[in-house]
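The values are calculated or read from the model by the stated rules, or taken from the named source; none is laboratory data. For clarity, every value in this text was computed on a predicted model and none was experimentally measured. A quick note on method: Cβ atoms are made from the backbone with ideal geometry, for glycine too, and the neighbour counts reach across all protein chains shown.
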Amino acid sequence: MTPIKNAIQNRLLKSIPGWYDEYPAFSEILRDRNLWLIRSRFIAVALLSLVALYPILLPGINASLEFRILSPLLPFLVLAFNILFSGYIKHSTCANSYSDQLLLAFYQIAADLTMLSILVYISGSMTSLCSVLFVFHVIIAGLMFPALIVTSIAGSIVLLYNVFSLLEINHIIPHHTSFLSLPISVFENTTLLILLNVLFSGTIVACAFISYKISSEMVKLQLTLHDAFDRLKAADKDKQKYIIAITHELKQPVGAVTSFLQLINQKILGEIPQAVSEVLDKCIRRNNEAIEMINNILKISRLRLSNEMKKEDVHLGNIIHELLQRYESSISQKNINLSVQLADEPCIISGDDYLLTLAISNLFSNAIKYTPANGSISISLSNSNNAWRLQIADNGIGVPPEDIGKVFNDFFRASNLSGKNTEGAGIGLSAVKNIIEQHNATISFQSPSPIGSIELPGTAVTIFFHTIAVNSGE
């Protein structure tokens, strides 16, 4: 890398604030603008080709010898460096940061201005209609670069334009004419040339200032949005910490109540009637469910707080078998017709066994809770397109069509549950979705379900697990 190139890069990088690289969104925006420049340049190649062909197709048209010789070369030069830029941005692994994208943008603008300067000079210099394209490039620069770079580009254009104008007016360098320039009488009118130069210079400076101001205001707005997002994340962390603190406080008295109930039910404090013992059994079960719910809330709050989970081989089939045993009594009490279809091969994914058990358990619980007595539940686990497909369907009360898009929202309860004796328990579909997505999986909800009817449409939750463990044979 030459010293000049090093100096340019160092100067460019010093002109941008250090926080730009901390926000990937800025790099993505600049990358999109670089790609837009590359695509637009192919159009420029086509237009330059037409300009070069025009004197060939119409030999008598006004065009200097230099224009006839050099104009056919310009489309090939522009196409060549455009292909280089396109290949770099698509295949280079280092063009990811904002500074990398800024350097690429600078080289693109520099190459464009060089080609445009040649075209303007051979087509009439200060009288060339192509001079308007400098304004276009200054606007682009104002939208892409920091103030120092925009000022340097605009200043360089104005300086070179006026220097070449003076050299031509004083006949130090030749003046060329073409069909793209104003009549020669304009060049011979010094007052008019001065007026053109002042107008051109003022337009360049004004466009640079206006476009940079618009761009800087957009950057400020984006920074404001990023700061607001950061504050929201911080507030969410505070909320999760508060939930953890409250649930810890709840766990102790609930556990104490369970201990006292067990003391009474075990007749340590004296004999009790059988009817009272049965009631105490139900109370103990409900208290244990409350403790389990508190533990689940603690686990989910810690998960959202740390955004971390274990990575281990998880057997989905084993989780389903364990949950079927856990809910066996609930299924029997409601006389639910259960259909289970599991794949013959081991269904192993990489993830957190506890969290996945928590999520799938919630889906089991919901299916049982909202399926009426003598209803049906279908559970299937199969391999679909190199992913494990788990579906839990029922023919319960279902969810109204207007509520389907909200089922994964926090604290959502379907509108058709009002007045029904269905308590909210577990961690909710919102947390289930959070767990599933952290396992590189997708979850979808539908109602009616494949086994539903008009009276009992039911629901079906389908999960596709894409993170298949290496030793699963897939």
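Things to note:
- Scanning region 123-140 for residues being closer than 18 Å to Leu180 by Cα and surrounded by 19 or more Cβ atoms within 10 Å (Cβ to Cβ) gives a total of 9.
- Exactly one residue out of Tyr121, Tyr88 is aromatic (Phe, Trp, Tyr) and closer than 15 Å to Leu48 by Cα: that is Tyr121.
- Pair list, Cβ under 9 Å, 6 or more apart: region 49-63 residue within 22 Å of Leu182 (Cβ to Cβ), other residue surrounded by 13 or more Cβ atoms within 10 Å (Cβ to Cβ) and basic (Lys, Arg): Ala52/Arg68; Pro55/Arg68
- Restricted to region 98-122, and to residues there that are at pLDDT below 90 and polar (S, T, N, Q), the residue that is surrounded by the fewest Cβ atoms within 10 Å (Cβ to Cβ) is Ser99.
- Filter result (buried (at least 20 other Cβ atoms within 10 Å of the Cβ) and assigned to a helix (DSSP H, G or I)) within region 141-157: Ala141, Gly142, Met144, Ile149, Val150, Ile153, Ala154, Ile157
- Subset tally (residues that are under 33 Å from the mean Cα position of the chain (by Cα) and over 13 Å from Asn318 (Cα atoms)) for region 336-364: 9
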